[in-house]
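The values are calculated or read from the model by the stated rules, or taken from the named source; none is laboratory data. Owing to the predicted nature of the structure, the values given are computational and were not obtained by experimental measurement. Cβ placement follows ideal geometry from the backbone for every residue including glycine, while neighbour counts extend to all protein chains displayed.
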Amino acid sequence: MLQFLLAIASCMTGVSMTVQSAVNGKLKSITSNPIFASAASFGGGLILLFIMLFAAHVLGIYEMPGMEMMMQTKPWMYVGGLVGTCLVVGSIMIPKHIGFASYFSMLVAGQLVGSVLADAIGFLGAEPHMPTPARITGLVFLIAGAVLIQKR
């Protein structure tokens, strides 16, 4: 049951990416500035994240990281926000030209290719999962589907 709920949550996360892209794209079309739209998106997200961080701490769900713990981090561990910025800016600028289905089908294809490679090498200490014939077949079908969605 948990696997099913997580699969549904993952699917809804994908739907939310399309909504985010459309909302951000509309803001960009009104302001004529994709960087402003991206900054507004991240600004709103940052505010919500700080509220969630504080609430999780107050409710005892997570402890606030202390300075000692923060000193154990490495600079590369903060690159996720930079990558996320590229994703948001791309999702604002590209769908207008090729459509949401084309953009997100290629995005998902790229995510899956990257994920299969990351699984195979045990990226950043994750447990390795070698590609099986079924996974490779699924990857080929997903890429084929993404290519077919590009056809008009």
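The criterion of at least 2 residues that are among the hydroxyl-bearing types (S, T, Y) is met by the following helices (runs of 4 or more DSSP H) wholly inside segment 80-152: 80-93, 100-121.
The listed residues are A144, A109, A126, A101, and the only one of them that is outside the structural domain of V19 (by TED's automatic domain parsing) and surrounded by 14 or more Cβ atoms within 10 Å (Cβ to Cβ) turns out to be A109. Of everything in segment 38-57 that is at pLDDT 95 or above and aromatic (F, W, Y), the residue that is farthest from G90 (Cα to Cα) is F54.
Considering (1) touching a residue at least 12 places away in the same chain (Cβ under 8 Å); (2) closer than 21 Å to G14 by Cβ, the lone condition that A40 does not fulfil carries the number (2).
Would you confirm, using the coordinates I've provided, whether T73 is surrounded by 10 or more Cβ atoms within 10 Å (Cβ to Cβ), of a type in the set (S, T, Y) and outside any helix (DSSP H, G or I)? So that I can check it myself, show each step before the final result.
On the way: surrounded by 10 or more Cβ atoms within 10 Å (Cβ to Cβ): yes; of a type in the set (S, T, Y): yes; outside any helix (DSSP H, G or I): yes.
Yes: the conditions hold for T73.
So that you can scan it fast, the table gives a plain yes or no per residue for (1) out of contact with any Phe, Trp or Tyr (no Cβ under 7 Å at 6 or more places or on another chain); (2) among the aliphatic types (A, V, I, L, M); (3) modelled with pLDDT of 90 or more; (4) within 24 Å of K26 (Cβ to Cβ):
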position: G99; (1), (2), (3), (4): yes, no, yes, yes
position: L112; (1), (2), (3), (4): yes, yes, yes, no
position: A118; (1), (2), (3), (4): yes, yes, yes, no
position: I121; (1), (2), (3), (4): yes, yes, yes, no
position: M130; (1), (2), (3), (4): yes, yes, yes, no
position: A134; (1), (2), (3), (4): yes, yes, yes, no
position: T137; (1), (2), (3), (4): yes, no, yes, no
position: F141; (1), (2), (3), (4): yes, no, yes, no
position: A144; (1), (2), (3), (4): yes, yes, yes, no
